[in-house]
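Data block below; observations after.
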């Protein structure tokens, strides 16, 4: 069985991630678990080094890179040692050339695959998707990045947080860097505005992570169907469908539900240039609105909508004013009546065409 | 003979009735396939005098008005992220623009387009569809409209005839 993965996320160096990792390791050891340090970056911080005393450390691997001798985590040794829990600092670290994996988060993946639990640490600025934003905020381009899905795949992401002012105090007290380096850092990366922005990013990242987990874990698909509204907008590649989709989105937002949009395409239907443009515009609108755009092929519009509505747990249907004449209504039946008959238990709303409003006709 | 006349009369009434009954409600200016398309891009707000002018041009040219709300995707988000907060601002504005145009019978085909910058969003828009004319609002009283730099870019890169409209300062 794969090990459990816990990531301690911080806004910047010095917030106490490594310290917290060691505290958690010690606590686990006191509870009787077999804990080792797979890799630790003590950063010459005496308090951190003191906390590591008493925890077994797997010897590092010495890698030669030109003139340089680099210390790396000995991945095979950690797996051979087979502890219950391994503490591995700095998951975004890039390994020395010649190591089996390029990045440390890949090493951690192998440790987890071996059934060992891992606690690791990282700063928010290493997150790949935030790389541009961080560079803009801090004027520092972070080279060591890790993909966002590392956070997504972790069992827990925990924010290690201090206020920007408290972090600057730690820096001034020499608890993060040596005094000469601390002074430079305070003037640059560790300015209050930059730290506040980084903190906001870290908080948001964890909040989004918690939100996703709650949705995925607490609400299984069945219960989600039961408690939430789901709106389905029936659209066609025509300009009027833009409004149908916008109205449907507003209702979905008010109801706190999801929005799907569906176009039922007749088999063999070939799009005209106007339809192609309208369809592409609808798809782009769906992306902006966070809606799911579905294109289904079917001879029978109502039956296709019925199938999709039940598959997706739709509770509310938005449809535009049908273009059918009353004669067609009598001879072939009205689309709206058919929807009402075929979709019992679903709310149906007709979105009017603004162009048909009396004041637009005068 | 009387019976035949009666049958014919009844048939005439029925056919006439069905024909009248089956008539669609009157529609004002449906979309014409070859209609000219006038793009009015904006962000945040659209000055009413610019909107009025754009509607008058569309009316005169029998064209479709395409108001396009441009959204900026912050760098912190992926380009295809949903932008719910910005969309909440954009939708009522687009509705108001649509309403103003439809009131005078100008067909509307509204858009929301996004990009990393306004010019990026614009470029995406005209890469995806054809426009015959672009009506760009100039800035006024420090609010709304394209900046001088953006207008210069627009005039250099726009693939269609471009009209820059500067509202009366006191009207804004």
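The values are calculated or read from the model by the stated rules, or taken from the named source; none is laboratory data. Since we're looking at a predicted model, the values are computed, not measured. Glycine also receives a Cβ, built like all others from the backbone with ideal geometry; neighbour counts cover every protein chain displayed.
Values computed for the structure shown
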item	result
Selection within the stretch B:99-115 - more than 9 Å from chain A (Cβ to nearest Cβ) and surrounded by fewer than 22 Cβ atoms within 10 Å (Cβ to Cβ)	B:100, B:115
Any hit, the stretch A:346-354, residues being facing another protein chain (nearest Cβ under 9 Å), modelled with pLDDT under 90 and surrounded by 15 or more Cβ atoms within 10 Å (Cβ to Cβ)	yes
Qualifying positions in the stretch B:116-131 - more than 8 Å from chain A (Cβ to nearest Cβ), within 26 Å of residue A:247 (Cβ to Cβ) and in a loop (DSSP other than H, G, I, E, B)	B:131
Scope the stretch A:298-315; condition exposed (fewer than 14 other Cβ atoms within 10 Å of the Cβ) and either in contact with a helix residue (DSSP H, G or I) (Cβ under 8 Å, 6 or more places away or on another chain) or within 14 Å of chain B (Cβ to nearest Cβ) (or both); matching residues	A:303
Number of the exception - residue B:50 against (1) at pLDDT below 90; (2) surrounded by fewer than 22 Cβ atoms within 10 Å (Cβ to Cβ)	(2)
Residue check, residue A:270 more than 9 Å from chain B (Cβ to nearest Cβ), part of a loop (DSSP other than H, G, I, E, B) and either closer than 28 Å to residue B:63 by Cβ or more than 32 Å from the chain's Cα centre (by Cα) (or both)	yes
Residue A:168 being more than 19 Å from residue A:132 (Cα to Cα) and modelled with pLDDT of 80 or more	yes
Index of the failed condition, residue A:209 passing every other in (1) within 23 Å of residue A:18 (Cβ to Cβ); (2) at pLDDT 75 or above	(2)
Some residue of the stretch B:67-89 being touching a helix residue (DSSP H, G or I) at 6+ places or on another chain (Cβ under 7 Å), facing chain A (nearest Cβ under 8 Å), in a strand (DSSP E or B) and within 22 Å of residue A:240 (Cα to Cα)	yes
Test result for residue B:92, in a loop (DSSP other than H, G, I, E, B) and either touching a strand residue (DSSP E or B) at 6+ places or on another chain (Cβ under 6 Å) or within 11 Å of chain A (Cβ to nearest Cβ) (or both)	no
Filtered residues of the stretch A:145-160 (kept if more than 15 Å from residue A:12 (Cα to Cα) and outside any helix (DSSP H, G or I))	A:146, A:147, A:148, A:154, A:155, A:156, A:157
Candidates B:134, B:57 - the one that is part of a strand (DSSP E or B) and either facing chain A (nearest Cβ under 8 Å) or surrounded by 15 or more Cβ atoms within 10 Å (Cβ to Cβ) (or both)	B:134
From the options A:296, A:311, residue that is more than 15 Å from residue A:244 (Cβ to Cβ) and assigned to a strand (DSSP E or B)	A:296
Among the residues listed as A:171, A:127, the single one being closer than 21 Å to residue A:21 by Cβ and within 14 Å of chain B (Cβ to nearest Cβ)	A:127
Residues (assigned to a helix (DSSP H, G or I) and surrounded by 16 or more Cβ atoms within 10 Å (Cβ to Cβ)) located in the stretch A:161-185	A:164, A:167, A:168, A:170, A:171, A:182, A:185
Members of the stretch A:246-267 found to be within 12 Å of chain B (Cβ to nearest Cβ) and in contact with a helix residue (DSSP H, G or I) (Cβ under 6 Å, 6 or more places away or on another chain), listed by number	A:246, A:249, A:259
Residue within the stretch A:259-282 that is out of contact with any strand residue (DSSP E or B) (no Cβ under 7 Å at 6 or more places or on another chain) and within 19 Å of residue A:349 (Cα to Cα) present	no
Options A:144, A:139; residue that is at pLDDT below 85, within 14 Å of another protein chain (Cβ to nearest Cβ) and surrounded by fewer than 18 Cβ atoms within 10 Å (Cβ to Cβ)	A:139
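Conditions tested, residue by residue: (1) surrounded by 15 or more Cβ atoms within 10 Å (Cβ to Cβ); (2) over 33 Å from the mean Cα position of the chain (by Cα); (3) closer than 24 Å to residue A:142 by Cβ.
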residue	(1), (2), (3)
A:2	no, no, no
A:22	yes, no, no
A:27	no, no, no
A:67	no, yes, no
A:73	yes, no, yes
